[in-house]
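Heads up: the structure comes next, in structure tokens.
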Amino acid sequence: MRPQLSVYTLLRSENLAISLTESLAAERYVVTHCQSESAFLELLALNKQHIDCIVLEAYPTLVDLANRLHQQATLFPATIIYEQSKKTGDSSGSAEKIYPEEGLGGGGLQDARSSQKDNALYGGALYHEAEVRMYASQIGEIARYVEEAITQFLNLSPTPRLTETSEPANGQSDSSSQDFLYLQQRRLAEKLRERLGYLGVYYKRNPQRFLRNLPAQDRKKFIERLKSDYRDIVLNYFENTSNLNQIIDEFVNYAFFADVSVTQIVEIHMQLMEDFSNHLKLEGRSAEVLTDYRLTLLDVIAHLCEMYRRSIPRDT
């Protein structure tokens, strides 16, 4: 059986929860429902390494929940469900429901409200910039929105900004959120790679995150990280490392989403071998042993080429 996707929801509406469950009634989904924020946060803390997407119903307290998740350095693919309402003529007087504008696909929401919390609810990113918003009336299409949320999350910048109302707890920097985001992206990418039914989602890469399109400073940081990760692979390649294949897969995933070429991997390898050779010569040792690491390069290239091969759209 292929890996299932784990979806956790925070829905106060029982009818909405029932409709969502019916819409995701397939073996590839495992849905866990919560009605209270406390229970939801507790489940997230216990299962954060296994959660593939969260679905949230839009209420004013969602701003506080999003801030708390940031403070805990916890980021997931997210779909936010809004209760649909007409722009005019709504006499319900309910202050609990949050209503997006028509034309949700364009990302527009109603004009910013007076309070800071309302500004966060009605404009910009609420949880993170890769969140997906939908109407409750579109619940029958929830699977599509979950897939879109996962796709956008995989393409989320490794330096996500906090929402305007959020502040790090106890002076904590945003580096913890960045690290968790990177780990979640790699875990989710690997999981999706095993799911043939999700190849379409997995290979929707964001060209803005391609190495050649990154700003100069971000490109430099990316290459430095790529070199560091590859160096770790080389140093552990002939050791009895049980998770070596996973380490290589994670490196390849990272390179694939940035559209790194095989030539660039070869260049990184050659530079690393030259550095090792110079170091061995200074120690008066032979650099002949480095020829064995051609196997490392071939292994990594084979993984990367397979990724690119599988990304080519199949004939229908």
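The values are calculated or read from the model by the stated rules, or taken from the named source; none is laboratory data. Treat the numbers as computed from the prediction; the structure is a model and nothing was measured. Please note: Cβ atoms are built from the backbone with ideal geometry, for glycine as well, and neighbour counts cover all protein chains shown.
General observations
- Residue list for region 185-234, filter: part of a helix (DSSP H, G or I), in contact with a Pro (Cβ under 7 Å, 6 or more places away or on another chain) and modelled with pLDDT under 70: K191
- Residue that is farthest from D249 (Cα to Cα) [pool: residues in region 277-315 that are acidic (D, E) and part of a helix (DSSP H, G or I)]: E288
- Residue in region 272-284 that is within 24 Å of the chain's Cα centre (by Cα) and surrounded by fewer than 18 Cβ atoms within 10 Å (Cβ to Cβ) present: no
- Evaluated against (1) farther than 23 Å from L75 by Cβ; (2) at pLDDT 85 or above, M134 falls short on exactly one condition, (1).
- Taking residues in region 146-162 that are closer than 22 Å to L226 by Cα, and partners anywhere that are at pLDDT 70 or above and not hydrophobic (A, V, I, L, M, F, W, C), the pairs with Cβ atoms closer than 6 Å and at least 6 places apart or on different chains are F153/P77; L154/Q185; N155/N206; N155/R209; P158/Y182; P160/H128.
- Residue check: E42 meets all listed conditions (1) modelled with pLDDT under 90; (2) closer than 19 Å to T74 by Cα but one, namely (1).
- If you go through region 235-276 and pick out every residue that is in contact with a helix residue (DSSP H, G or I) (Cβ under 6 Å, 6 or more places away or on another chain), among the hydroxyl-bearing types (S, T, Y) and in a helix (DSSP H, G or I), you end up with 0.
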